[in-house]
C-alpha cells in the first residue's frame, strides 16, 4: 500500500467516523432530551447500572477479536474469520448466562436486605432489567465478521450507515414504548431493537466473507496468543471506565446518580468520538505504518495527535466555563445539578491526547504497556473518589473521579520516551485551544444571561 493510498483511506475513514459519530450523538442527545421529559432520573440510574454489568462482562471476556483481525496477516482468510465468528457467538452466550446469574444474585441480596435501601442496587427493577438486557449479548454474538473486515481495510462508510440505522431503529422503538408505558422498559426495548437491527444488517448489507460454522485450532491459538494482554487490559479497563458509576451507585441515591449520568453523557461525547477515531482509524493506520514504514511512525503519530489534542483541549475549555449554562438550556430544572458536575468532568478531556499512545503501543504489538497504564489508573480511581467523598461528599467524589484520569499520564510519557517518540514541543503546540474554548464558553454564558 502506497503512502498516498493509505492517506486517502485514513482521511475517508476519519471523515466517515467523525460524521457518523456526530450524527449518532445528535440522535442520542435528541432521544435523551425527549426521554428526560418522559422518565424520572431514577430510571436512567437503573439503566446505567444494568449497562455497566453488560459492558463489564463483555470487557471481562474480550480477547481482542477485532484487534486480531486488523493486525493478523490472516485477517482476510475465511478460516480465520469463521473461527473468530464461532468464538464471538460462544462469548455472547456466556455473557448472557453470567448476566442472568448476576441478576438472580442481585435479587437475592435485595430480598435478604443486604443492599443499602437508598442505593440504586436496591431497585426492584434492576435484576429484571439486567436479565432482559442480557439478550443483547446473544444477538451481538451473531453479528457478521464483515464488520471487523471493514475496520481492517478502513472501509467505514457502510459500517457508519449501518450503525446509524440501528441507532434510529432503537430510538424509534424506545419512543413507541414510552408513549404507552413510561417506565425503564422503554430504554431496554430500544437497546434490544438496536442490537437486532445491527446484527441482521451486518450479514446482508456489508461486503466481505460470509460466515459459516468452522473451527481452526491454529487460528484459535493465534487469537489467544495475541489477545492475552488485551484480555487483561479489558478487565481493568472496564473497572476504570465504569468504576465511577459503580462507586457512586453505592454512595449516593438513584436520583443523584442519574444526574451524574446525564453530565457524563454530555461531557464524554467528544472523548468517545476521539476514542472511536483512535480505534477505527488510528490503530489500523498506525499498524499499517508499523509494518511497512516504521521510520514514519513518529510523524504519523503526531499528525493524529495534533488534530485530537486541538479538539479535546478546545472542548475542555468550553465546557469548563459554559457547562452549567449548557445543562440549563438542554434540560429542565430537575437536572440543574448536572451543570457543575459537567464543568468538573470536562477536565478529563485534557487527558484525551495521551489515549492515542495506547493505540501506538498496540500497533507495535506491545499490549503489555497498555496493561500497565490501565492498572495504574485502576488504583487511582477508587482512592481519589473515596477520599474525595469522605472529605467533601459528592463534589469531592466527582473531583476525585476527574483527577484520577491524570494518574496514568506520567507512565505514558515514560513509555513514549522509551520508544523514542515523545516530543514535548509537539505535545504543547495545541494548548492554546484551551483558551479559545474557554472564550467560547464565556461568550455563551453571557449571551444566555442577557
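A quick yes/no check of all residues on (1) out of contact with any helix residue (DSSP H, G or I) (no Cβ under 6 Å at 6 or more places or on another chain); (2) outside any helix (DSSP H, G or I):
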{"site": "115", "(1), (2)": "no, yes"}
{"site": "130", "(1), (2)": "no, no"}
{"site": "139", "(1), (2)": "no, no"}
{"site": "147", "(1), (2)": "no, no"}
{"site": "159", "(1), (2)": "no, no"}
{"site": "176", "(1), (2)": "yes, no"}
{"site": "188", "(1), (2)": "no, no"}
{"site": "194", "(1), (2)": "no, no"}
{"site": "197", "(1), (2)": "no, no"}
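Can we say residue 277 is buried (at least 21 other Cβ atoms within 10 Å of the Cβ) and in a helix (DSSP H, G or I)? So residue 277 passes the test. A count restricted to region 57-69 and to residues that are closer than 14 Å to residue 371 by Cβ and assigned to a helix (DSSP H, G or I) stands at 2.
Output yes when any residue across region 272-287 is under 21 Å from residue 129 (Cβ atoms) and either free of Cβ contacts under 8 Å to residues at least 40 places away in the same chain or touching a helix residue (DSSP H, G or I) at 6+ places or on another chain (Cβ under 9 Å) (or both), and no when none is. Write out each step before concluding.
Step one: of region 272-287, the residues under 21 Å from residue 129 (Cβ atoms) are none.
No: region 272-287 contains no residue that is under 21 Å from residue 129 (Cβ atoms) and either free of Cβ contacts under 8 Å to residues at least 40 places away in the same chain or touching a helix residue (DSSP H, G or I) at 6+ places or on another chain (Cβ under 9 Å) (or both).
Counting the residues of region 205-231 that are under 19 Å from residue 70 (Cβ atoms) and either free of Cβ contacts under 8 Å to residues at least 12 places away in the same chain or outside any helix (DSSP H, G or I) (or both) gives 9. Filtering region 70-83 for residues that are at pLDDT below 85, in a helix (DSSP H, G or I) and assigned by TED's automatic domain parsing to the domain that holds residue 176 leaves a non-empty set. From the list 363, 306, 320, 380, the one residue that fits, being without any contact (Cβ under 8 Å) to a residue 40 or more places away in the chain and more than 19 Å from the chain's Cα centre (by Cα), is 380. With the requirement that a residue be buried (at least 19 other Cβ atoms within 10 Å of the Cβ) and farther than 21 Å from residue 348 by Cα, what does region 254-274 give you? Of everything in region 254-274, just one residue is buried (at least 19 other Cβ atoms within 10 Å of the Cβ) and farther than 21 Å from residue 348 by Cα, namely 254.
The values are calculated or read from the model by the stated rules, or taken from the named source; none is laboratory data. What you are looking at is a predicted structure, and each value in this text was computed from that prediction instead of being measured. FYI the Cβ positions are ideal-geometry reconstructions off the backbone, even for glycines, and counts take in every protein chain you see.
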